[in-house]
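Taking it in order: structure first as structure tokens, then the write-up.
Just so you know, all these numbers are worked out from the coordinates, no wet-lab data involved. All figures in this text were calculated on a predicted structure; none of them were measured in a lab. Note that we place each Cβ from the backbone using ideal geometry, even for glycine, and neighbour counts take in every protein chain shown.
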Amino acid sequence: MPLSIQEQTMLADSVGAWVARESPVTAFRRVRDAADPLGFDPAAWRSIAAMGWAGIAISEDQGGAGLGLAAAGLIVAGLGRALVASPLAATIAASAAILHGGDEAQRRLWLPSIAEGTAIASIACDEGGHHDPARLRTKAERVASGWRLSGVKPFVAEGSAATLFVVAADTGLFLVPADTQGLAREPRSMMDSRGHASVSLDVTLPADARLSDADLDTVLDGVRALAAAEMLGLADAVFAMTLDYLRVRVQFGRTIGSFQALQHRAATLFTRIELVRSCVAAALAALDARADDSRSLVSLAKAQAGDMLNLVTREAVQMHGGIGMTDEHDVGLYLKRAKMLEGAGGTSAFHRDRYARLNGY
Amino acid sequence: MASGSEGFRRASRDWLGTHFPRALAGLGPRYMSSETPPEPTPAFLAWKRAIAEKGWGVPTWPCQYGGAGLSEEEAAILAEEMAAAGAWTPIGGMGVMMFGPTLLEYGTEQQKLRHLPGIADGSIRWCQGYSEPGAGSDLASLQCRAEDKGDHFLVNGQKVWTSGAQWSDWCFALVRTDPSDKRGGISFLMIDMRSPGVTVKPIRMISGSSPFCETFFDNVEVPKDNLLGATGQGWTIGKRLLQHERGGISQMSSDVPPLHALALTHLAISDDGRLADGELRVRIARCEMEALALALTVARIQSESEEGGPPQATSILKNVGAWLAQERAELMLEILGTRGLGWEGAGFAAPELEACRQWLFSKAVSIYGGTTEIQNDIVAKRMLGLKDA
């Protein structure tokens with residue numbers, strides 16, 4: 001049952017209140033400056049799990065809230081507003097993959113511990129600099145005791161923190177606990193200071209490790225739609241920050257927000273953000289409803305979010321001027337996270353191409 | 001409720017099956033948004049009569065004013081069933097889109113009963129008397145005078161860009177009742193176009209047609225009953241009406257066939273089924289994705305808006321809708337190539353000639369209803385709170 005508009009507002013408000021109390025942007029700065037390769041704050045994660053958000057999309061019979069990806073998107077966007085360093089989006093996407101493609105035993109094994117926050121999960125798909133799920137080289141072979149998996153996933157989001165990986169291989173998706181013998185990971189320090197890692201696999205898995213009913217595109221659509229939701233949260237915060245600056249920064253004896261050249265650019269940014277808000281909500285709702293057009297809508301959301309956030313962050317730096325180039329100001333932190341998310345689950349160009357193919361041209 | 005709405009869906013499907021002439025299926029854009037609509041056929045006239053009797057031209061208006069009193073949910077079901085049947089409403093224009101909703105909001109009971117039924121059955125056409133030669137983007141500087149003469153107003157002045165004035169029965173106009181107060185001195189009048197002293201001159205546009213006119217008022221007497229709202233309330237009412245206009249523009253391009261279908265029939269296709277022209281393919285995808293994003297945003301804003309009327313966000317929707325209309329027209333010509341540049345006569349199919357005229361006329365969309373720049377001003381000042389110096 002989708003949330004009503006009122007319930008959505010209540011959820012978004014409670015996320016906003018939590019963020020202000022528990023994890024404002026200063027908390028992200030602390031995580032970054034500590035340079036801990038885990039790339040997240042365990043105390044904040046425990047609090048997130050206690051709020052019930054890790055299990056937001058997990059069915060109630062497995063210990064979750066059963067509210068689906070639409071509700072998850074509101075939470076992920078809300079945390080994105082303050083750059084909360086948590087593996088929530090990755091974990092929710094992985095939980096949706098297990099819910100969608102796992103059998104009863106796999107769900108029972110993993111979903112309750114994900115819901116209570118003791119398991120942190122991430123989907124490991126991309127193998128190079130680009131999102132290209134049609135050409136995966138990670139091999140999964142049948143062996144007597146189950147499966148043999150080998151390959152390298154060089155940039156796994158939350159790869160340092162995850163206790164469970166959902167690994168995309170040439171013949172399907174596999175559940176690989178992080179402590180599996182033959183799994184090695186190395187932190188990768190990237191622009192957004194989050195917990196990315198290179199994960200190499202040379203592992204033997206039991207026969208029941210395969211998510212036998214999982215469709216890779218559906219699983220990835222969860223990742224993509226949640227990335228778009230986080231991007232929307234980033235954009236909301238960066239735009240609010242930029243508007244505040246336009247209202248207070250004085251040059252030539254007047255606030256710079258009184259100049260029409262800047263007013264019209266602000267209006268354009270607002271327009272682009274509002275369009276993405278609708279696309280993200282529609283994509284997440286379509287995934288929850290398993291609607292026929294969910295793929296098109298996810299590509300729409302990711303493509304529009306990518307173009308929008310690129311524009312919003314570039315304009316934000318420009319409108320802030322020199323102060324926007326300093327590490328002291330938050331706008332640069334958003335710019336960096338935005339750039340990571342632009343490519344996550346496919347760039348705008350990838351999704352325009354996919355949209356065209358899905359629609360027969 | 002679900003069973004009730006299913007019942008309504010069945011009933012509308014049955015009714016459309018009986019009354020909508022199949023010969024008209026899919027011809028909505030040709031009749032309703034074409035530069036050169038076909039002559040009304042007997043089937044068209046019968047269909048118009050049938051839908052008017054049912055009140056489904058304006059399905060959510062109350063029954064006593066010629067509507068069908070449907071809920072938004074029922075109207076949405078009806079729209080789906082009509083789309084599925086290729087059916088379309090022959091009752092449109094400024095009365096339905098803009099003036100009717102404004103009259104419903106601000107009119108007296110007597111005014112509503114007098115004017116709404118003629119809009120609802122498509123028998124009375126309305127035009128918009130807003131812009132003047134000296135009042136375009138700065139609309140509130142309008143000078144067309146309406147002097148209070150006791151039982152009537154005496155109107156003198158000129159309006160311009162009055163769409164369809166040459167075919168209209170009535171005009172809703174912004175007039176100046178007080179020269180000393182720029183905005184508070186504007187009032188909203190309903191003027192009978194057959195009144196003595198009204199002169200209409202069509203303006204030939206770059207697209208070759210004359211959808212716009214100059215309208216002159218020379219000592220035109222307008223009864224006091226034809227004042228909408230109070231004297232001096234015209235700016236408020238007029239702005240509200242513009243929100244309906246902008247909302248309408250944002251929804252204009254919803255019932256047109258997708259560009260990619262046209263491209264697939266006209267252009268080279270690669271072995272893998274893609275359009276071979278990669279750059280054009282991406283532009284088409286951008287345009288179609290933007291159209292879907294706009295449609296989703298219109299739907300979201302409607303469901304979030306408690307009162308059901310158009311909120312200020314219509315300004316952003318208008319700008320996106322204008323960009324889309326123009327980009328679509330550009331892409332149509334690009335897909336058709338030289339075939340899309342024909343002006344008239346032999347050697348060209350009707351849709352090719354239409355594409356050419358549409359490309360020219362589409363330039364107007366970012367100008368009328370408040371230019372793109374004016375919409376950006378509205379967004380920046382009223383929605384984002386950025387102040388002038």
For the stretch A:136-224, which trypsin sites (Lys or Arg not before Pro) are both in a DSSP coil and crowded by at most 12 other Cβ atoms within 10 Å?
-> A:ARG137
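What is the gain in length, in nm to one decimal, between B:ALA230 and B:THR18 on full extension, counting 0.36 nm per residue of separation less the C-alpha to C-alpha distance? Let's see the in-between values first.
Details: separation 212, 0.36 × 212 = 76.32 nm, distance 4.57 nm.
So the chain would gain 71.8 nm between B:ALA230 and B:THR18.
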Relative contact order [Cα under 8 Å, 6+ residues apart], chain A, whole percent | 16
In deg cm²/dmol and to the nearest 500, what is the mean residue ellipticity at 222 nm of chain A if only DSSP H runs of at least 4 residues count, each as -39500 (n - 2.57), divided by the residue total?
-> -17500 deg cm²/dmol
Taking a threshold of 24 Å on the Cα-Cα distance, which of the pairs A:LYS302/A:LYS336; B:LYS182/B:LYS224; A:LYS302/B:LYS381; B:LYS159/B:LYS239; A:LYS302/B:LYS387; B:LYS54/B:LYS239 fall above it?
-> A:LYS302/B:LYS381; A:LYS302/B:LYS387; B:LYS54/B:LYS239
PRE zone check, label point 7 Å out along Cα-to-Cβ of A:THR26, amide N under 17 Å, scope the stretch A:75-108, hits A:82-85
Rounded to the nearest Å, the spacing of the alpha-carbon centers of the stretch A:70-146 and the stretch B:329-371 is 49
Nitroxide proxy distance, nm - points 7 Å out along Cα→Cβ at A:ILE5 and B:GLU304 | 0.9
Return the calculated 222 nm mean residue ellipticity for chain B, to the nearest 500 deg cm²/dmol, obtained by summing -39500 (n - 2.57) across DSSP H runs with n ≥ 4 and dividing by the residue count.
-> -13500 deg cm²/dmol
Over chain B, what is the relative contact order in whole percent, taking alpha-carbon pairs under 8 Å and six or more residues apart?
-> 12
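Could you pull out the trypsin sites (Lys or Arg not before Pro) across the stretch B:265-371 that fall in loop regions by DSSP (anything but H, G, I, E, B) with no more than 11 other Cβ atoms inside 10 Å?
Numbers: sites: B:ARG274, B:ARG281, B:ARG283, B:ARG286, B:ARG300, B:LYS318, B:ARG328, B:ARG339, B:ARG357, B:LYS363; in loops: B:ARG274.
Answer by residue number: there is no such site.
Indicate the gyration tensor shape class of the stretch B:7-138 (rounded, prolate or oblate), computed on the Cα atoms with a ≥ b ≥ c the square roots of the eigenvalues: a/c under 1.5 is rounded; otherwise a/b larger than b/c is prolate and the rest oblate.
Oblate.
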Using a cut-off of under 14 Å, list every residue of the stretch B:57-86 whose amide N is near the label point 7 Å from the Cα of B:SER5 along the Cα-to-beta-carbon line.
-> B:71-81
How much length is gained on full extension from A:ALA349 to A:ASP244, taking 0.36 nm per residue of separation minus their Cα-Cα distance?
-> 34.6 nm
Measure nothing fancy, just the Cα-based angle from helix B:234-251's long axis to the longest principal axis of chain B, in degrees from 0 to 90, nearest 10.
-> 10
